[in-house]
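Working notes, structure below.
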Amino acid sequence: MKRRYFGTDGVRGPYGSAIMNEDFARRLGAAAARFVKTRADFASRQVFLGRDTRASGPALEAALADGLRSEGLAPVSLGIVPTPVVSLLTREQRAALGVVITASHNPAGDNGIKFFGPAGIKLSDDEELHLEQLLPASLEAGPLPAALTAYPAPLARYLALTAGLLPPASLQGWKIVLDTANGAACVSSRSALESLGASLTLLGDAPDGLNINAGVGSQHPEKLSHQVVATGARLGIAHDGDADRCVLCDEHGDVLDGDEILTILALHALKLGRLAAKTLVVTVQSNLGVDAAVSAAGGRVCRTQVGDRYVIERMLAEKAELGGESSGHVICSGISPTGDGLVAALKVIEVMRATGRPLSELRRVLVKFPQLSAALTVREKKPLESLRVLPAAIKTVEDELGASGRVLVRYSGTEPKLRLLVEGPTNAVVQAALAKLTAAARAELEVI
């Protein structure tokens, strides 16, 4: 049975839509509480709630809390905090659940709700399906909205953890450009880097509820690149709205994605004999160059479907401690149980300090295969197996590429988009292949 409401990363949609409004949030809170009470490890009634800076966050938080209370749980507000803070505190306090109200990198008009279990790890597909099945058909608001209990100093533990990743004052004399996407990390990442002595130029640090991800953050690194060059910074760091992603910019203003970050960290750890299980876990979206680089250094790469929670599940199965996505989700599970943009940046800085090499040199460890992608907004996500033209085009392209490339076609788990990706031996071959796939998709799907 397929999940009806949950996508790749929780429930997400435009605020005011059928699945992202106060009534649904209240019902989802009640269902989450019912789900918790079915678990064999049910002990705590405490649920930690965190959110990003979207204007719709407080109303959804209050409704979600109302639903949790209706089934006897005790919601505690962490306020505006990065997703990894919710994950970390949920694990350390062994709360019944951690919940983050965020739409990540999406525009301000969207919002979402995602859940973490007591270990600080996102719920599995089966757990989300079970939770959906417990949704009440209706749930009236409580007679008097109760004030939410606030967790004292929710950032304190996280800042102590992240600042401890590098020696005290180790960033004295470092110029860094930091873009926090007008989102949840405006306070935390700035505080952590400044506590280590960094001199910061700030972007996306003035949230107003409506400007999260608006031309800033990991999805829009253009301003970051410009400011790195203009200020003579050693690097730039950009997060998404809830700060579980990291995109970097080297001293020349060139952007590094998650694949480059993961390869830098994996090869450095392999050199020191510290890459757990000698394994890096990535998704099918990552460039084949990652596999080549890690294999040449004596390690191995495991791949999962797209979604950082699938990466984490595979990391646990493989006893690996490093994994992530090309989008910038980087999981260092020995430090944080979920993707953490600040931890990723600090770990790369650690490599820069240890090697004495600038980021522009470190990134050369990854030689990417030529790759192109496209995202088509579709009216309806028709099952790919029900189509005829697109699957035939996929087979034709795969046959043409053979062992020298690959094709990935999938629907986004959080947006109404069909994503196409082609890797191959040359840019010309990749361009031609992507054009074939795009034409086939447009012939069979209603593209907006």
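Below is a table of values for the structure above.
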{"quantity": "Close pairs (6 angstrom Cβ cut-off, 6 or more residues apart or separate chains): without any contact (Cβ under 8 Å) to a residue 60 or more places away in the chain in region 59-80, outside any strand (DSSP E or B) and among the aliphatic types (A, V, I, L, M) anywhere", "calculated": "Leu60/Ala25; Leu64/Ala25; Leu68/Ala33; Glu71/Ala30; Glu71/Ala33; Leu73/Ala33"}
{"quantity": "Odd one out for Leu421, checked against (1) over 25 Å from the mean Cα position of the chain (by Cα); (2) more than 23 Å from Lys2 (Cβ to Cβ)", "calculated": "(1)"}
{"quantity": "Output for region 17-32, where each listed residue is surrounded by fewer than 24 Cβ atoms within 10 Å (Cβ to Cβ), under 25 Å from the mean Cα position of the chain (by Cα) and small (Gly, Ala, Ser)", "calculated": "Ser17, Ala18, Ala31"}
{"quantity": "Among the candidates Pro358, Pro383, Pro391, residue that is in contact with an Asp or Glu (Cβ under 9 Å, 6 or more places away or on another chain) and over 30 Å from Ile261 (Cβ atoms)", "calculated": "Pro391"}
{"quantity": "Whichever residue in region 188-204 is touching a strand residue (DSSP E or B) at 6+ places or on another chain (Cβ under 8 Å) and assigned to a loop (DSSP other than H, G, I, E, B) and, among such residues, is farthest from Pro168 (Cα to Cα)", "calculated": "Gly204"}
{"quantity": "Scan of region 223-242 for residues that are crowded, with 23+ Cβ neighbours inside 10 Å, assigned to a loop (DSSP other than H, G, I, E, B) and either among the basic types (Lys, Arg) or touching a residue at least 60 places away in the same chain (Cβ under 8 Å) (or both), ordered by number", "calculated": "His239, Asp240, Gly241, Asp242"}
{"quantity": "Failed item in (1) part of a loop (DSSP other than H, G, I, E, B); (2) farther than 24 Å from Gly217 by Cα; (3) at pLDDT 95 or above, with Ser44 passing the rest", "calculated": "(3)"}
{"quantity": "Condition broken by Ala103, with the remaining ones in (1) closer than 27 Å to Ala163 by Cβ; (2) in contact with a Lys or Arg (Cβ under 6 Å, 6 or more places away or on another chain) satisfied", "calculated": "(1)"}
{"quantity": "His220 vs. criteria part of a helix (DSSP H, G or I) and either at pLDDT 95 or above or outside the structural domain of Gly57 (by TED's automatic domain parsing) (or both)", "calculated": "no"}
{"quantity": "Verdict on Val330 being outside the structural domain of Ala184 (by TED's automatic domain parsing) and in a helix (DSSP H, G or I)", "calculated": "no"}
{"quantity": "Single match in Ser386, Ser412, Ser360 (criterion: hydroxyl-bearing (Ser, Thr, Tyr) and without any contact (Cβ under 8 Å) to a residue 24 or more places away in the chain)", "calculated": "Ser386"}
{"quantity": "Candidates Arg353, Arg309, Arg300, Arg274, filtered to the one that is outside the structural domain of Lys114 (by TED's automatic domain parsing), in contact with a Ser or Thr (Cβ under 6 Å, 6 or more places away or on another chain) and of a type outside the set (A, V, I, L, M, F, W, C)", "calculated": "Arg300"}
{"quantity": "Boolean, Thr53 is outside the structural domain of Ser189 (by TED's automatic domain parsing), polar (S, T, N, Q) and assigned to a helix (DSSP H, G or I)", "calculated": "no"}
{"quantity": "Test: residue in region 75-97 that is more than 25 Å from Ala185 (Cα to Cα) and touching a helix residue (DSSP H, G or I) at 6+ places or on another chain (Cβ under 7 Å)", "calculated": "no"}
{"quantity": "Verdict on Val343 being more than 18 Å from Ser286 (Cα to Cα) and touching a Ser or Thr at 6+ places or on another chain (Cβ under 7 Å)", "calculated": "yes"}
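Yes/no per residue for (1) assigned to a helix (DSSP H, G or I); (2) farther than 16 Å from Asp242 by Cα:
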| residue | (1), (2) |
| --- | --- |
| Ala65 | yes, yes |
| Arg69 | yes, yes |
| Gly79 | no, no |
| Pro84 | yes, no |
| Ser87 | yes, no |
| Val99 | no, no |
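The values are calculated or read from the model by the stated rules, or taken from the named source; none is laboratory data. Given the structure is predicted, the values throughout are model-derived calculations rather than measurements. Glycine also receives a Cβ, built like all others from the backbone with ideal geometry; neighbour counts cover every protein chain displayed.
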